[in-house]
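A quick write-up on the structure given underneath.
The values are calculated or read from the model by the stated rules, or taken from the named source; none is laboratory data. Every value quoted in this text rests on a predicted model; they were computed, and no experiment measured them. Virtual Cβ from ideal backbone geometry, glycine too; neighbours counted across all protein chains shown. Note: areas computed on protein heavy atoms with side chains; ligands, DNA, RNA excluded. Shrake-Rupley method; radii C 1.70, N 1.55, O 1.52, S 1.80 Å.
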Amino acid sequence: MARPEKVRLGDLLVAQKVLSQAQLADALDRQRQSGRKLGRVLVENGFATEDQISMAIARQMNIPFVDLCRVQVKPEVAHLLPEQAARRFRAAVLEQRDSGVLVAMADPTDIFTYDEIVRTVRRNVDLAVATESAVGKFIDNAYHGTDEIDELARSLSEELGQEEAIDISQLATGETAEDAPVVRLLQSIFEDALRDGASDIHIEPIDSRLQIRFRVDGMLHVATEADSRIGPALIQRLKLMGEMNIAEKRLPQDGRFMVRVGQQQVDVRLSVIRTQYGESAVMRLLIGSGEVSLDRLGIAPETLASFRRLIHQPNGLVLVTGPTGSGKTTTLYGALSELNDPEVKILTVEDPVEYRLTGVNQVQVQDKIELTFSRALRAFLRQDPDIILVGEMRDQETALIALRAALTGHLVLSTLHTNDAASAAARLLDMGAPSYLLASSLTGIMAQRLVRKLCPLCAEVAPLTPAERVWLKVELGKGLAADTFKRGQGCRQCNFTGYKGRQGVFELLEIDAALAGLLNSGNTELFHAAAKRKLAGRNLHDEAVRLASEGVTSVAEAMRAVHQADE
């Protein structure tokens, strides 16, 4: 491609009727006062949009305009231009061609930057134009911090040589530790995980390599891989941060520490366990406080009103059920945030305490000193509480104490691992809870799942697969409208997954006199059947289909959530 010619942006936009002469004069005056680039002044003051400016340049220079949000580029192609250069030039390599490479620039009229790009990639460069904000997001996703992580990992591997461990005394000292490659590597991993919105970081030795994975919106993906020799160095540093026994490499250990990443304070829960190829670590990242609003969880208005009625009763047991990672604790924290008041005393026993709630007395289970759920609960009853939260019903003793507390004037909130609301009562009876006590104490059961939400940028109406069509016909019968369901096409905003964020799917079973009578009889089959009938039309299946029909999630994701409920 021929070297581009310099274009006066203001004159170009006036010529293409994007701006008036008066607007241009106003913008130029503002530019002189602020010293900012004209394009930014135009966008910030509403004279033109980024898309309008980029399209006008594309028409003038006869080059393509590219929507980078919908472009997927192989990492090895994007990395033809190093990250530092890409950020400095505000450019991105999109395609490798026989004649050279296709590069998108925020300002393709900058002939000096064009020359620098040609010298850097050492190829002929064909130009395209993209908005400046889209180029920035593309670079964040394309390089993703992986280059820095890989470089630091290589540096650490070279420093370790043939040894499997680093100098513990050096790691324990402040100044040396801050300069150590292992610390900088961990910092890069945390930064990358938070940029992705990850909830967990997995560091796993696999044969001859170390795999680092992030869990985003409930799904794991590989962030990077490195030399397996750096694994022991990372684990030892994490153990020091989590105040673990660094000499113990056979038994599982748990720890906790705080890190600051940018302006964010992150509470990290660390679990280390020995695997076939070495020690593996998983870190749960907890950001912010426990102030969660029930209004933001996606609970249907009718269900939310009923749940609020249950948690505002002075006594009774309210359960939230579902598998691990279904958002049960978030729902309970939402309830506590609403109930938290200086006039009531709230006590919680949790394993672990995931968020700190101001004004709430929270107790961490510690098996080493025999501070169990049941022991903490017995102590709670001597603390004059109004509301008690039990992190999980794990055994008969805990269940009995919680049920008796609910019967004697306390509101008790807890979680249980069951597939749906109707199965929770049978689970408690199996644990040894007396049927009469359960019938007198249990007031409501909320079952939930989490579904990934469709990316708002790339979600489009799409044809159903045969399996999706069959499933919907079972759920909806003749009410199937196949042209109303959406699927995420994948874009840079959602890292080409088609999903961005998650939302809860809920069903709420209120225990009325009829259900309490069935509980008292101990007939779990009759109770289960009656509960299913009561939930008809508003169970997990129905709510998942509703979210899919409203375009909140896809049919495939709704099917996945319901499959969990049916297992």
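For the stretch 415-444, the set of residues classified as of a type in the set (D, E, K, R) and surrounded by fewer than 18 Cβ atoms within 10 Å (Cβ to Cβ) consists of Asp430 only. Ala92 meets the conditions (1) without any contact (Cβ under 8 Å) to a residue 24 or more places away in the chain; (2) part of a strand (DSSP E or B) in every case but one. The failed one is (1). Yes or no: the stretch 233-256 includes at least one residue that is of a type in the set (D, E, K, R), touching an Asp or Glu at 6+ places or on another chain (Cβ under 8 Å) and closer than 28 Å to Val318 by Cα. No, every residue in the stretch 233-256 fails to be of a type in the set (D, E, K, R), touching an Asp or Glu at 6+ places or on another chain (Cβ under 8 Å) and closer than 28 Å to Val318 by Cα.
Report yes if Thr331 is more than 22 Å from Leu429 (Cα to Cα), buried (at least 20 other Cβ atoms within 10 Å of the Cβ) and either over 32 Å from the mean Cα position of the chain (by Cα) or of a type in the set (Val, Ile, Thr) (or both), otherwise no.
On the way: more than 22 Å from Leu429 (Cα to Cα): yes; buried (at least 20 other Cβ atoms within 10 Å of the Cβ): yes; either over 32 Å from the mean Cα position of the chain (by Cα) or of a type in the set (Val, Ile, Thr) (or both): yes.
Considered against the rule, which asks whether it is more than 22 Å from Leu429 (Cα to Cα), buried (at least 20 other Cβ atoms within 10 Å of the Cβ) and either over 32 Å from the mean Cα position of the chain (by Cα) or of a type in the set (Val, Ile, Thr) (or both), Thr331 comes out as yes.
Within the stretch 84-112, if we keep just the residues that are modelled with pLDDT under 90 and polar (S, T, N, Q), the residue that is nearest to the chain's Cα centre (by Cα) turns out to be Gln84.
Just checking, does the stretch 32-47 include any residue being modelled with pLDDT of 85 or more and of a type in the set (Ser, Thr, Tyr)? No, every residue in the stretch 32-47 fails to be modelled with pLDDT of 85 or more and of a type in the set (Ser, Thr, Tyr). Considering Arg404, Arg469, the condition of being open to solvent by 40 Å² or more (accessible area, probe 1.4 Å) and within 27 Å of Asp512 (Cα to Cα) is satisfied by Arg404 alone.
Taking the numbered list (1) open to solvent by 60 Å² or more (accessible area, probe 1.4 Å); (2) farther than 25 Å from Asp512 by Cβ in turn, Glu557 passes all entries but (1).
When we screen Ile201, Ile189 for residues that are part of a strand (DSSP E or B), touching a residue at least 40 places away in the same chain (Cβ under 8 Å) and open to solvent by less than 20 Å² (accessible area, probe 1.4 Å), the only hit is Ile201.
The helices (runs of 4 or more DSSP H) located wholly in the stretch 16-77 that include 2 or more residues which are surrounded by fewer than 17 Cβ atoms within 10 Å (Cβ to Cβ) and hydrophobic (A, V, I, L, M, F, W, C) occupy 21-34. Scanning the stretch 513-563 for residues that are touching a residue at least 12 places away in the same chain (Cβ under 8 Å) and not in a helix (DSSP H, G or I) turns up Gly522, Arg538, Asn539, Gly551, Val552, Thr553, Ser554. Of everything in the stretch 310-326 that is polar (S, T, N, Q) and open to solvent by 50 Å² or more (accessible area, probe 1.4 Å), the residue that is nearest to the chain's Cα centre (by Cα) is Thr324. Scoring Val505 on the criteria (1) farther than 22 Å from Leu429 by Cβ; (2) open to solvent by 60 Å² or more (accessible area, probe 1.4 Å); (3) aliphatic (A, V, I, L, M) leaves a single failure, condition (2). Exactly one residue among Val344, Val349, Val353, Val360 is aliphatic (A, V, I, L, M), in contact with a Phe, Trp or Tyr (Cβ under 6 Å, 6 or more places away or on another chain) and open to solvent by less than 60 Å² (accessible area, probe 1.4 Å), and that residue is Val349. Applying the selection to the stretch 248-303, what residues are over 30 Å from Glu507 (Cβ atoms), open to solvent by less than 80 Å² (accessible area, probe 1.4 Å) and out of contact with any strand residue (DSSP E or B) (no Cβ under 8 Å at 6 or more places or on another chain)? Matches in the stretch 248-303: Glu248, Val261, Gly262. Check the stretch 500-519 and report whether any residue there is at pLDDT below 90 and either among the polar types (S, T, N, Q) or in contact with a helix residue (DSSP H, G or I) (Cβ under 6 Å, 6 or more places away or on another chain) (or both). No, that holds for no residue. Considering (1) within 25 Å of the chain's Cα centre (by Cα); (2) in contact (Cβ under 8 Å) with a residue 24 or more places away in the chain, the lone condition that Ala402 does not fulfil carries the number (1). Go through the residues of the stretch 224-237 one by one and say whether even a single one is in a strand (DSSP E or B), touching a helix residue (DSSP H, G or I) at 6+ places or on another chain (Cβ under 8 Å), farther than 30 Å from Arg560 by Cα and open to solvent by less than 40 Å² (accessible area, probe 1.4 Å). Taking every residue of the stretch 224-237 in turn, at least one turns out to be in a strand (DSSP E or B), touching a helix residue (DSSP H, G or I) at 6+ places or on another chain (Cβ under 8 Å), farther than 30 Å from Arg560 by Cα and open to solvent by less than 40 Å² (accessible area, probe 1.4 Å). Inside the stretch 218-261, can you point out the residues that are more than 23 Å from Ala198 (Cα to Cα) and among the basic types (Lys, Arg)? Hits for the stretch 218-261 are Arg229, Lys249, Arg250. Taking the numbered list (1) among the hydrophobic types (A, V, I, L, M, F, W, C); (2) more than 21 Å from the chain's Cα centre (by Cα); (3) at pLDDT below 95; (4) under 22 Å from Arg502 (Cα atoms) in turn, Phe307 passes all entries but (3). Among the residues of the stretch 430-468, those that are among the β-branched types (Val, Ile, Thr) and over 24 Å from Phe506 (Cα atoms) comprise Val461, Thr465.
One line per residue, one yes/no per condition, for (1) within 40 Å of the chain's Cα centre (by Cα); (2) small (Gly, Ala, Ser):
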position	(1), (2)
Lys17	no, no
Arg30	no, no
Gly35	yes, yes
Leu38	yes, no
Glu44	yes, no
Ala48	yes, yes
Asp51	yes, no
Gln60	no, no
Val71	yes, no
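Evaluate the stretch 382-389: report whether one residue or more is within 32 Å of the chain's Cα centre (by Cα) and either among the acidic types (Asp, Glu) or open to solvent by 20 Å² or more (accessible area, probe 1.4 Å) (or both). Scanning the stretch 382-389 turns up no residue that is within 32 Å of the chain's Cα centre (by Cα) and either among the acidic types (Asp, Glu) or open to solvent by 20 Å² or more (accessible area, probe 1.4 Å) (or both).
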